[in-house]
Amino acid sequence: MLRAPFAALALLLAVAAPAQAATELSSIFESVARDAKTLQVEPARPVDWFPVRGIVDFGEADARFGASRGGRAHEGQDVFAKAGTPLVSVRAGTVVETGDDGGRGNYIAIWSPAAKVTFVYLHMRAPARLKKGGPVDAGARIGAVGCTGSCFGDHLHLEMRQGKGTRGRPLDPLPMLRVLAGRAR
Ligand SMILES: [Zn+2]
């Protein structure tokens with residue numbers, strides 16, 4: 001006996017609610033749009049960046065992390081791009097090492113306290129301009145793709161080392177690189 005009035009009430013609410021909600025939402029949207037204009041909100045800066053700012057190729061099996069290289073395991077992922085393509089810092093951090101040797105060529109290592117890894121960029125076209133101990137913003141330019149050191153074609157060899165410094169356990173950077181490459185920016 002009591003069901004009918006409740007059913008009628010429920011029906012009334014169902015009909016009335018969407019119209020009311022739409023009005024409220026549109027007025028909220030209007031006020032948000034007004035506030036955004038007056039506040040001049042800065043666009044958010046991403047906290048992680050794809051390290052190569054150009055057209056890239058992850059290469060074949062021998063470019064992968066763990067590939068056999070003359071009896072040793074390849075400790076990074078190669079990212080092929082034209083010489084001179086800008087390299088940027090994946091994360092904000094500190095320069096912990098730069099150098100130039102026969103194997104790595106011109107290289108730079110950036111420690112990210114947030115990610116707890118050190119990103120190491122090898123074979124850069126020119127010696128790193130950033131100084132050891134200096135801070136680096138996420139997305140800041142740190143060099144350019146080249147083929148210095150032991151290299152077989154212009155590319156970035158990127159290493160991701162656990163902890164601070166270039167001696168930590170190497171991790172496979174490819175899953176992270178694929179995620180970052182898939183983002184439109
Ligand atoms: Zn490599």
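The values are calculated or read from the model by the stated rules, or taken from the named source; none is laboratory data. From a predicted model like this one, the values you see are computed outputs, not experimental measurements. All Cβ positions, glycine included, derive from the backbone under ideal geometry; neighbour counts span all protein chains shown.
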Of all residues in region 156-169, which are under 18 Å from the mean Cα position of the chain (by Cα) and crowded, with 17+ Cβ neighbours inside 10 Å?
156, 157, 158, 159, 160, 161
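Identify all residues within region 55-69 that are without any contact (Cβ under 8 Å) to a residue 12 or more places away in the chain and aliphatic (A, V, I, L, M); write none if there are none.
If the condition is that a residue be without any contact (Cβ under 8 Å) to a residue 12 or more places away in the chain and aliphatic (A, V, I, L, M), then 61, 67 are the ones that fit.
What number of residues within region 67-80 are outside any strand (DSSP E or B), within 11 Å of the ligand (Cβ to nearest atom) and either over 11 Å from residue 158 (Cα atoms) or of a type in the set (Val, Ile, Thr) (or both)? Break it down into steps so the answer makes sense when it comes.
Filtering region 67-80 for residues outside any strand (DSSP E or B) gives 67, 70-71, 74-76.
Then keep just the ones that are within 11 Å of the ligand (Cβ to nearest atom); that gives 67, 74-76.
When the remaining residues are screened for being either over 11 Å from residue 158 (Cα atoms) or of a type in the set (Val, Ile, Thr) (or both), the result is 67.
Residues in region 67-80 being outside any strand (DSSP E or B), within 11 Å of the ligand (Cβ to nearest atom) and either over 11 Å from residue 158 (Cα atoms) or of a type in the set (Val, Ile, Thr) (or both): 1 in total.
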Being part of a loop (DSSP other than H, G, I, E, B), touching a residue at least 12 places away in the same chain (Cβ under 8 Å) and more than 16 Å from the ligand (Cβ to nearest atom) is the filter here, so list the residues in region 136-185 that pass it.
137, 138, 139, 140, 163, 164, 165, 168, 183, 185
Can you run down the residue pairs with Cβ atoms below 7 Å, 6 or more apart or on separate chains, where the first is in region 70-98 and closer than 15 Å to residue 151 by Cβ and the partner is part of a strand (DSSP E or B) and of a type in the set (Ser, Thr, Tyr)?
87/121
Is it the case that region 49-58 has a residue that's under 23 Å from residue 137 (Cα atoms), away from the ligand (no atom under 16 Å from the Cβ), modelled with pLDDT of 95 or more and more than 17 Å from the chain's Cα centre (by Cα)?
no
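Given the structure, is residue 129 more than 19 Å from residue 52 (Cβ to Cβ), away from the ligand (no atom under 16 Å from the Cβ) and without any contact (Cβ under 8 Å) to a residue 24 or more places away in the chain?
Working: more than 19 Å from residue 52 (Cβ to Cβ): no; away from the ligand (no atom under 16 Å from the Cβ): yes; without any contact (Cβ under 8 Å) to a residue 24 or more places away in the chain: yes.
So residue 129 does not fit the description; no.
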